[in-house]
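The values are calculated or read from the model by the stated rules, or taken from the named source; none is laboratory data. Computed from a predicted structure; not experimentally measured. We place every Cβ from the backbone using ideal geometry, glycine too, and count neighbours over all the protein chains shown.
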């Protein structure tokens, strides 16, 4: 079984057909067809069902895909490290929107001094969106908020704690509230975690002996949350760093209610070591956090 066979198989599944896979890879269509058929012959199994509207992976093909894309990612990285020069390679990492302005620029500057020709891909997003990509090896590591359960597949190393706060528009009628109880009549915007509201707001209310509010809006984009808050009487919880470091600083204000902090850290896969380039990038990110002052 050759690496090119796995590459071609993955491209056909991901692109939905032989022709688009050939276009993506920049090779002739008959080459892809021959590669896939030789892989099927070698495995003694049919990976695709040929239909009138194209080809679709069979049950065996779907099962093979779930393993093959992980293996291909690791083999590609191994080949890259073996063949690449001391300053080449690639790394892809995910990071949450909080602290990006402080962490990413100094980390990239430091990394590029070591690996001036390396390719870097940065994906910004919330942890519940980024961590599945890490598990599937689309990302080398993730910097984000620690969820309740990390699971056995991932390792987590804390980097800093980030203070949470309640925020609203600057002239909000409840801007001087001192407790969650005083916000009982307010409408809440909640960050959506895989289609469900974040547990933070509900947990804070329950800890205070209050009934959790029902969010009026669920949103997976902090920038959208900020825009909604700025033009309404809704409230939400954000990390204080985000309010300080983004456009939110000019549009929102913190309501003086004491909230606990959350842990921000580095996630990696427990069963797969970082490549030399990815490890260097992770080290630069960690150094940027330590050199960025008090991350609250």
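Does residue 113 satisfy being surrounded by fewer than 16 Cβ atoms within 10 Å (Cβ to Cβ), assigned to a helix (DSSP H, G or I) and in the same structural domain as residue 264 (by TED's automatic domain parsing)?
Spelling it out, residue 113 is indeed surrounded by fewer than 16 Cβ atoms within 10 Å (Cβ to Cβ), assigned to a helix (DSSP H, G or I) and in the same structural domain as residue 264 (by TED's automatic domain parsing).
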I'm told residue 137 meets every condition in (1) assigned to a loop (DSSP other than H, G, I, E, B); (2) at negative phi; (3) modelled with pLDDT under 90 except one. Can you identify the failing condition by its number?
(2)
Any residue at all in region 40-52 that is assigned by TED's automatic domain parsing to the domain that holds residue 269, outside any loop (DSSP other than H, G, I, E, B) and at pLDDT 80 or above?
no
Do we have any residue at all in region 152-167 that's in the same structural domain as residue 259 (by TED's automatic domain parsing) and assigned to a helix (DSSP H, G or I)?
no
Scan of region 169-205 for residues that are surrounded by fewer than 18 Cβ atoms within 10 Å (Cβ to Cβ), over 30 Å from residue 130 (Cα atoms) and touching a helix residue (DSSP H, G or I) at 6+ places or on another chain (Cβ under 8 Å), ordered by number
170, 174
Criterion (in the same structural domain as residue 203 (by TED's automatic domain parsing), at pLDDT below 80 and within 19 Å of residue 284 (Cα to Cα)) met by exactly one of 101, 92:
101
Has region 121-134 got at least one residue that is free of Cβ contacts under 8 Å to residues at least 24 places away in the same chain and over 18 Å from the mean Cα position of the chain (by Cα)?
no
Only one of 256, 215 is within 20 Å of residue 188 (Cα to Cα) and modelled with pLDDT of 85 or more, namely 256
Spans of strands (runs of 3 or more DSSP E) in region 206-296 with at least 2 residues in contact (Cβ under 8 Å) with a residue 60 or more places away in the chain and either within 19 Å of the chain's Cα centre (by Cα) or surrounded by 16 or more Cβ atoms within 10 Å (Cβ to Cβ) (or both):
236-239, 252-255, 261-269
How many residues does region 13-35 contain that are at pLDDT 85 or above and closer than 13 Å to residue 61 by Cβ?
0
